[in-house]
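Laboratory data are not the source of any read-out in this text; all were calculated from the coordinates shown. A quick note: this is a predicted structure, and the numbers were derived from the prediction, not measured. Using ideal geometry, Cβ is built from the backbone for each residue, glycine included, and neighbour counts are taken over all protein chains shown.
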Amino acid sequence: MAWLNRDKAPLSPKPAVRVDTPEGLWDRCTACQEIFFRKDFENNQYVCPKCRHHYAIPALERIERFVDSGSFVELDKSLSSPDPLEFYDTKPYHERLEATQKKLSRKDAFISGEAFLLGRPIQIGVFDFEFMGGSMGSVVGEKIARVFLRAVKKRQPAIVVSASGGARMQEGLMSLMQMAKTCAALTKLRDAGVPFISVLTHPTTGGVAASFSMLGDVNIGEPGALIGFAGPRVIRQTIGEELPEGFQRSEYLLEHGMLDMICHRDTMRPRIGQILNLLFPVTDS
C-alpha cells in the first residue's frame, strides 16, 4: 500500500503563467466585423484590410502620407479663434476652445501649408474632425481663404480635404460669413485659371458642404463618406418619409452627378497627381 502515500507528480513542472495580449494589438472592423492586426490597419492608412472600409485618419498624418516625404511646411499655425459672442452652453466657449487646443496641441480645426506632390509644388489644407467636429469658425475660414489666395499668388494648385460638421455655432454670424469668404477667395483662384481639387471625406456636412467644398474643379469623395447639408435623420424627420438607401453617401452623390469620382485612399496620391498634370501641366519656365 506504499503507493497510497506516494506524492503524485504534477501535470506540469510549474503552473502556467497567463500572458495577456497587449491592449490595442487587435481591432474589429465595424463594417465587416473581421478582426485585424492594428498595425496593419494603420499602415494601410486606416482602411480595413478586409473590406476596405475607410475610417478617419489623423489630419496631420493624412498630409504626411499624401505629399512628398518631408516636404510639408505648415503655415498660419498661430491663428486662434476669439470669442466674439462670449458664447456659453454647458461651459464657456473660450474654455472649451482652450481645452481642445491643449488636448490636441493645435489652435484650430484646419491644418494648412505648402508642400510638394510628386515633385509639384501645391497649397494644401486638411480639416481636423477631432477639433470640435471640424467646425468652420472665423480662423478656419481665414486659413482656407489663405490657401486659395496663396495658390493664386504662386500659381500653385490648391487641394483641400474636408471633414466637418459645418459652421461653428459658438461664433454665430462670424462663422456663417466664412461660407461667403471662402467662396470669394475661390473665385479669385478660378479667375486665375489655377485648379482646386476638393476631397470630401466622412463626414462633410453643413456650411462646409454648402460652400467651397462642392465647388472644386474636380470633386473627389472617399468611399462611403456622408456628404450633404442637413443630415439624413434631420431630413427624414422634416419631410416624414424614408430616404433612399445610401442617401447622401459618396456613391449616391456620384450616381446623381454631384461628385466627379470616388477614390480609395491608397490611390488618392497618384490619381490627384494625374489630374493636376492634365488640368495644369508643369512648365519649365
Which condition number in (1) touching a helix residue (DSSP H, G or I) at 6+ places or on another chain (Cβ under 8 Å); (2) surrounded by 15 or more Cβ atoms within 10 Å (Cβ to Cβ); (3) at positive phi; (4) not acidic (Asp, Glu) is the one that residue 246 fails?
-> (2)
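Here's the yes/no breakdown for (1) surrounded by fewer than 24 Cβ atoms within 10 Å (Cβ to Cβ); (2) among the acidic types (Asp, Glu):
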| residue | (1), (2) |
| --- | --- |
| 118 | yes, no |
| 121 | yes, no |
| 128 | yes, yes |
| 131 | yes, no |
| 136 | no, no |
| 142 | yes, yes |
| 159 | no, no |
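Filter the strands (runs of 3 or more DSSP E) completely within the stretch 49-161 down to those with at least 2 residues that are touching an Asp or Glu at 6+ places or on another chain (Cβ under 6 Å) and free of Cβ contacts under 8 Å to residues at least 60 places away in the same chain.
Numbers: elements: 73-75, 110-117, 120-127.
Filter on the stretch 49-161 gives 110-117.
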So how many residues does the stretch 188-202 have that are of a type in the set (A, V, I, L, M, F, W, C) and in a strand (DSSP E or B)?
-> 4
Output yes when any residue across the stretch 203-215 is in contact with a strand residue (DSSP E or B) (Cβ under 8 Å, 6 or more places away or on another chain), more than 30 Å from residue 89 (Cα to Cα) and outside any loop (DSSP other than H, G, I, E, B), and no when none is.
-> yes
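Name the residue that is farthest from residue 201 (Cα to Cα), counting only residues in the stretch 240-285 that are part of a helix (DSSP H, G or I) and polar (S, T, N, Q).
Looking only at the stretch 240-285, we keep the residues that are part of a helix (DSSP H, G or I), and these are 250-255, 265-279.
Narrowing further to those that are polar (S, T, N, Q): 250, 267, 274, 277.
Numbers: 250: 9, 267: 14, 274: 20, 277: 23 Å.
It comes out as 277.
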Selection status of residue 233, basic (Lys, Arg) and in contact with a strand residue (DSSP E or B) (Cβ under 9 Å, 6 or more places away or on another chain) | no
Look through the stretch 170-182, keep the residues that are surrounded by 17 or more Cβ atoms within 10 Å (Cβ to Cβ) and of a type in the set (A, V, I, L, M, F, W, C), and return whichever of them is nearest to residue 88 (Cα to Cα).
-> 174
Only one of (1) in contact (Cβ under 8 Å) with a residue 40 or more places away in the chain; (2) within 26 Å of residue 138 (Cα to Cα); (3) surrounded by fewer than 16 Cβ atoms within 10 Å (Cβ to Cβ) does not apply to residue 191, and that is (1)
Quick one: residue 147 ticks every box in (1) over 26 Å from residue 277 (Cα atoms); (2) buried (at least 24 other Cβ atoms within 10 Å of the Cβ); (3) more than 13 Å from the chain's Cα centre (by Cα) bar one, so which box is it?
-> (1)
